[in-house]
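Colleague: Dumping the structure here so I can ask a few things about it.
The values are calculated or read from the model by the stated rules, or taken from the named source; none is laboratory data. Keep in mind that what you see is a predicted model, and the values were worked out from it rather than measured. Quick reminder, even Gly has a Cβ in these numbers, built from the backbone with ideal geometry, and neighbours come from all protein chains shown. For the accessible areas, the whole protein counts, side chains as well, though only heavy atoms, and no ligand, DNA or RNA atoms are used. Shrake-Rupley method; radii C 1.70, N 1.55, O 1.52, S 1.80 Å.
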2 protein chains.
Amino acid sequence: MHYAAVLGFGTVGSGVAEALQINTGRLTAKGEGITLKYIVDVRDFPDSPFAGLMTKDFAVVEADPEVDFVVETIGGIGIAFEFTKRALTAGKSVVTSNKELVATHGSELMALAKDKGVSYLFEASVGGGVPMLRTVANNLGSENIKEFFGILNGTTNYILTQMFKNGVAFADALKQAQAMGYSEANPTADIEGHDACRKVAILSSLISGKQIKPEWIATRGITGVALEDVVNAEKLGCTIKLLGRAVFGKDGSIRAYVAPHLIPGSILLSHVEDVMNGLFIRGESVGDVMLYGAGAGKLPTASAIVSDLYVLAKDKLDGEQFAWGDPEEGSCSDAGELESAWYVRMCPADGWKREQAGLELIAEAEESLAYRSAEMSQAAMEAAFAGQTVLSAFRIIK
Amino acid sequence: MHYAAVLGFGTVGSGVAEALQINTGRLTAKGEGITLKYIVDVRDFPDSPFAGLMTKDFAVVEADPEVDFVVETIGGIGIAFEFTKRALTAGKSVVTSNKELVATHGSELMALAKDKGVSYLFEASVGGGVPMLRTVANNLGSENIKEFFGILNGTTNYILTQMFKNGVAFADALKQAQAMGYSEANPTADIEGHDACRKVAILSSLISGKQIKPEWIATRGITGVALEDVVNAEKLGCTIKLLGRAVFGKDGSIRAYVAPHLIPGSILLSHVEDVMNGLFIRGESVGDVMLYGAGAGKLPTASAIVSDLYVLAKDKLDGEQFAWGDPEEGSCSDAGELESAWYVRMCPADGWKREQAGLELIAEAEESLAYRSAEMSQAAMEAAFAGQTVLSAFRIIK
């Protein structure tokens, strides 16, 4: 029998407590039982069914040799970082959904875990309950992954789906997302792409074997997507999705970024709607593989945490650890050099030559023109529209 | 360093040889190198780049203590069964794409492997390069899986896609599939659903923990799907797909079957086209998860075999073994008892009462009527149309 402590009794933490209850009978039957022994939170929860497990003092967990698994659902990189280090140092494996901490200090925490002979696992930090990390690290571990691109943030996908399906403008769709509880009161991390950026950092680190820092990933959110772009995308048989993408060159180069893209209907990812997430992986042998499911939410995220605990219980810490090395300056090349077709909407200055080589006019409104370009880099695209007022410029994935 | 032998130099076997070449540098760099030492085939391949590895005598492999991995791509349950038993008995792990052998003798071979302290792995037997089995067995290993349904056969999905997108009749679409090399000269195993049935057997065995025999799975193929059904399905916003499905009851019951279904456009699986496969998994905590990719083909299938070899090399045979117990008579309950809405097309006898409770008329042609029913069992559906000439009766998934 294993004993676990949950740090932080918020949405995810309480979901883990519930999921352990739901699954504990089956896990115990498989000989891999996990008992929840403590919940650490500074707040009081006198009416919770788990009230008997509550403590405010992490030191109690730290000092209890029976506890071998610690679940960190505090979030952020302050106290969560400190408690994770202390738990690993005390010889306890740590499981988390904290993407910010993993993306920022992952290699340091993994090295500490290895040093102490325990594990630091974080399947829940990307894709909620969908096993994206384990698929990349183990199931496709022998595959030469050429690139991935994915819808990695549910809030922005909900907003874009509302814009597409119901013609709702961005600001109103955001209000809806907040009313539905999909987005925080401060939605910046979602709509500016920072949440997706952290997930791209984690996936890229896992694939490349070295920590890719979030600040190396050029990140643009969806605030610039207008209903006019939605209409124009539909003319091209496309939807608009916020994608996190990384391309791994044969020369070892890594080009990672987050930005809105047009996706043709022939690519299955274009049909991923509402708060659902999807990750497309392009491998040299396997071709295109996609993983799809709820990327957030109490029970799906808790499910991923329990799956990490299950792996720890089942495999006795062997062979399943996520691992990458320290960050190296210069790991990431300029993502702008990647060539693709572009969708560009602009207000032309008087006399601008509308017909240019490599530009196809797709829509003409009173004050704006929309074009699809031939395949070119970002710099070439910008040169083609030099001096003009560009309103939107999104890559078209293929 | 590990040494592997490939049995059978057909499409998949030669793909494994190539994939090991593509990936061997990276695997060796990770400390998990695998060298291909023998290829066993009764035929001569004097012009193959692998001619130097060829042997006609399996006993050479069996007697070589350096060979620790054997890849069986012979197919069928004759000589493949014998060689697999002999390889496991000689203390070699065996990796295969042979779904027929796994679905028929899986529990016996897994028990033998366990007895000899080696592994019998078969990720490639379901979903080609898409890691469906490892996802079910490990990544969602702590999840209570309520049901799965999937497009598990590429040939039939190609035929149905041709019928939907291009209005091609079944017989012509089948000829196209054969011309494209997607289907064997004898297409029975594909179009009658036997191939999908074996994959349902393997997935159900892995989830339930006991061997589910293919003959316990009610199986119907796509030969009865007419262009009229395609038109009617479109009226309902649905596509028609051949699904393999299993529902796992809270009481431990298993209801597994293969049949054409109508799938609404709101379910992502309805957009899986051509030869691609998709598996929907419904878990109690995780919700809906889908895995998508090429379900067959030389390199994708070889990729899955190499991923099994990689797991063996990396994990030193620990913790990753697929496992289930012996078959138990009565494991499967009648899938007909599952309730769902039905699509039914019929030639009514004169005077048949067209308006019935629970039946909604959706199309009326000269000689046939098409209905959507309320949710009911197969027996209830059949009773509703008793005495009539039913041309098509497909469940509508939701």
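Colleague: When Rg is the radius of gyration of the Cα atoms in the range A:327-390 and Rh is its Kirkwood radius, what does Rg/Rh come to? Working shown, then result.
Modeller: Values: Rg = 14.3 Å, Rh = 12.9 Å.
A ratio of 1.10.
Colleague: Estimate the FRET efficiency between A:Thr35 and A:Glu108 by the formula 1/(1 + (r/R0)^6), using the beta-carbon distance for r and 25 Å for R0, to the nearest 0.05. Please report the intermediate quantities before stating the final value.
Modeller: On the way: r = 30 Å, r/R0 = 1.20.
Result of the calculation: an efficiency of 0.25.
Colleague: Could I ask something else about it? Anyone know which of B:Gln178, B:Gln356, B:Gln211 comes out most mobile in the 10 Å Cα GNM of chain B?
Modeller: B:Gln356
Colleague: Take B:Ser266, project a point 7 Å from its Cα along the Cβ direction, then tell me which residues of the range A:175-194 have their backbone nitrogen under 20 Å from it.
Modeller: A:176-177, A:180-182
Colleague: Please compute the modelled spin-label separation between A:Glu360 and B:Val42, points set 7 Å along Cα→Cβ, answer in nm with one decimal.
Modeller: 5.4
Colleague: Can you give me the Cα centroid spacing of the range A:248-314 and the range B:168-225 in angstrom?
Modeller: Here the answer is 29 Å between Cα centres.
Colleague: Kindly write out, for the range B:149-160 in residue order, the coupling ³J(HN,Hα) from the Karplus curve 6.51 cos²θ - 1.76 cosθ + 1.60 (θ = phi - 60°), rounded to whole Hz, with x marking Gly and Pro.
Modeller: 8, x, 8, 10, 9, x, 4, 5, 5, 4, 4, 5
Colleague: How far is helix A:79-89 tilted, in degrees, relative to the longest principal axis of the Cα atoms in chain A, given as a value from 0 to 90 rounded to the nearest 10?
Modeller: The two axes meet at around 50 degrees.
Colleague: What does DSSP give for chain B in terms of the percent of beta bridges that are antiparallel, rounded to the nearest 5? Please report the intermediate quantities before stating the final value.
Modeller: Details: 46 of 71 bridges.
The antiparallel fraction comes to roughly 65 percent.
Colleague: All other residues with a Cβ under 12 Å from the Cβ of B:Met1 taken together, and with Lys, Arg as +1 and Asp, Glu as -1, what is their net charge?
Modeller: On the way: positive: B:Lys37; negative: B:Glu32, B:Glu66, B:Asp68.
Summing Lys/Arg as +1 and Asp/Glu as -1 gives -2.
Colleague: For a quick check of understanding: with a 1.4 angstrom probe and all protein chains in place, what accessible area in square angstrom does B:Cys347 have, to the nearest ten?
Modeller: Probe radius 1.4 Å; accessible area of B:Cys347 about 40 Å².
Colleague: What 222 nm value per residue comes from the helices of the protein assembly as shown, counting each DSSP H run with n ≥ 4 as -39,500 (n - 2.57) and dividing by all residues, nearest 500 deg cm²/dmol? Spell out each step's value before the answer.
Modeller: Details: 22 runs with 260 residues, N = 796.
That calculation yields -10000 deg cm²/dmol at 222 nm.
Colleague: A follow-up question, please. Which distances in nm, rounded to one decimal and ordered from shortest, link the label point of B:Ile362 to the equivalent label points in the other identical copies, with labels set 7 Å from Cα toward Cβ?
Modeller: Result for B:Ile362, in nm, nearest copy first: 3.3.
Colleague: Of the candidates A:Pro46, A:Pro264, A:Pro327, which one comes out as most mobile in a Gaussian network treatment of chain A with C-alpha springs shorter than 10 Å?
Modeller: It is A:Pro46.
Colleague: Please turn the phi angles of the range B:280-294 into ³J(HN,Hα) values with the Karplus equation 6.51 cos²θ - 1.76 cosθ + 1.60 (θ = phi - 60°), one per residue in order, whole Hz, x for glycine and proline.
Modeller: With the stated coefficients, the range B:280-294 comes to 8, 10, 10, x, 5, 8, 7, x, 8, 10, 10, 10, 9, x, 6 Hz.
Colleague: Would you tell me the mean number of C-beta atoms belonging to other protein chains that fall within 10 Å of each C-beta in A:268-276, as a whole number?
Modeller: Details: counts 10, 2, 1, 7, 3, 2, 1, 0, 4.
Mean partner-chain Cβ count within 10 Å for A:268-276: 3.
Colleague: I've got another one for you. Could you work out, residue by residue across B:158-165, how many beta carbons of other chains sit within 10 Å of that residue's beta carbon, and then give the average as an integer? Kindly include the intermediate steps, with their values, before the conclusion.
Modeller: Values: counts 0, 0, 0, 0, 0, 0, 0, 0.
Partner-chain Cβ atoms within 10 Å, mean over residues of B:158-165: 0.
Colleague: Also: Once phi is turned into θ = phi - 60°, what whole-Hz ³J(HN,Hα) does the Karplus curve with 6.51, -1.76 and 1.60 give for every residue of the range B:236-248, x standing for Gly and Pro?
Modeller: 8, x, 10, 10, 10, 9, 7, 10, x, 9, 9, 10, 10
Colleague: OK, next. Around A:Ser93, which amide H atoms from residues at least 5 apart in sequence, or from another chain, sit under 5 Å from its own amide H, with H modelled in the peptide plane?
Modeller: A:Val70, A:Ser119
Colleague: Further, regarding this structure: Please tell me which of these pairs span more than 24 angstrom C-alpha to C-alpha: B:Lys116/B:Lys210; A:Lys146/B:Lys298; B:Lys213/B:Lys398?
Modeller: Long pairs (Cα-Cα over 24 Å): B:Lys213/B:Lys398.
Colleague: Sort the following peptides by mean Cβ neighbour count (other Cβ atoms within 10 Å, averaged over residues), highest first: B:157-170, B:3-16. Write out the running numbers ahead of the final one.
Modeller: Working: B:157-170: 19.1, B:3-16: 23.4.
Packing order, densest peptide first, comes out as B:3-16, B:157-170.
Colleague: Moving to a separate point now. Roughly how much of A:Asp274 is accessible, in Å² to the nearest 10, using a 1.4 Å probe?
Modeller: 60
Colleague: Let me ask something else. Per residue of A:288-299, how many C-beta atoms from partner chains lie within 10 Å of its own C-beta, taken as a mean?
Modeller: Numbers: counts 7, 11, 9, 9, 9, 10, 4, 0, 0, 3, 1, 5.
Partner Cβ neighbours, averaged per residue: 6.
Colleague: Relative to the longest principal axis of the C-alpha atoms of chain A, give the angle of the C-alpha long axis of helix A:99-116, reported between 0 and 90° and rounded to the nearest 10°.
Modeller: So the helix axis and the longest Cα principal axis differ by about 40 degrees.
Colleague: Here's something else I'd like to know. Working with all protein chains in place, sort A:Arg86, B:Arg345, B:Arg282 by solvent-accessible area computed with a 1.4 Å probe, largest first.
Modeller: Details: A:Arg86 75, B:Arg345 20, B:Arg282 45 Å².
The most accessible residue leads, giving A:Arg86, B:Arg282, B:Arg345.
Colleague: Helix B:194-208: angle to the longest alpha-carbon principal axis of chain B, degrees 0 to 90, nearest 10?
Modeller: Taking Cα atoms only, the helix is inclined about 80 degrees.
Colleague: Shifting gears a bit: Could you tell me whether the range B:107-158 comes out rounded, prolate or oblate from its Cα gyration tensor? Rule is a ≥ b ≥ c as square roots of the eigenvalues, rounded for a/c under 1.5, then prolate if a/b exceeds b/c, otherwise oblate.
Modeller: Values: a/c = 2.60, a/b = 1.49, b/c = 1.74.
Oblate.
Colleague: Among residues other than A:Thr301 whose Cβ falls under 12 Å from its Cβ, what is the net charge (Lys/Arg +1, Asp/Glu -1)?
Modeller: -1
Colleague: Something else: Can you say what percent of the DSSP beta bridges in the protein assembly as shown, counting only those with both residues inside, are antiparallel? Round to 5.
Modeller: In the protein assembly as shown, DSSP labels about 65 percent of beta bridges as antiparallel.
Colleague: Based on alpha-carbon positions alone, could you give the equivalent ellipsoid semi-axes of the range A:91-212 from the gyration tensor, as √(5λ), descending, whole Å? Spell out each step's value before the answer.
Modeller: On the way: eigenvalues 198, 56, 25 Å².
For the range A:91-212, the semi-axes come out at 31, 17, 11 Å.
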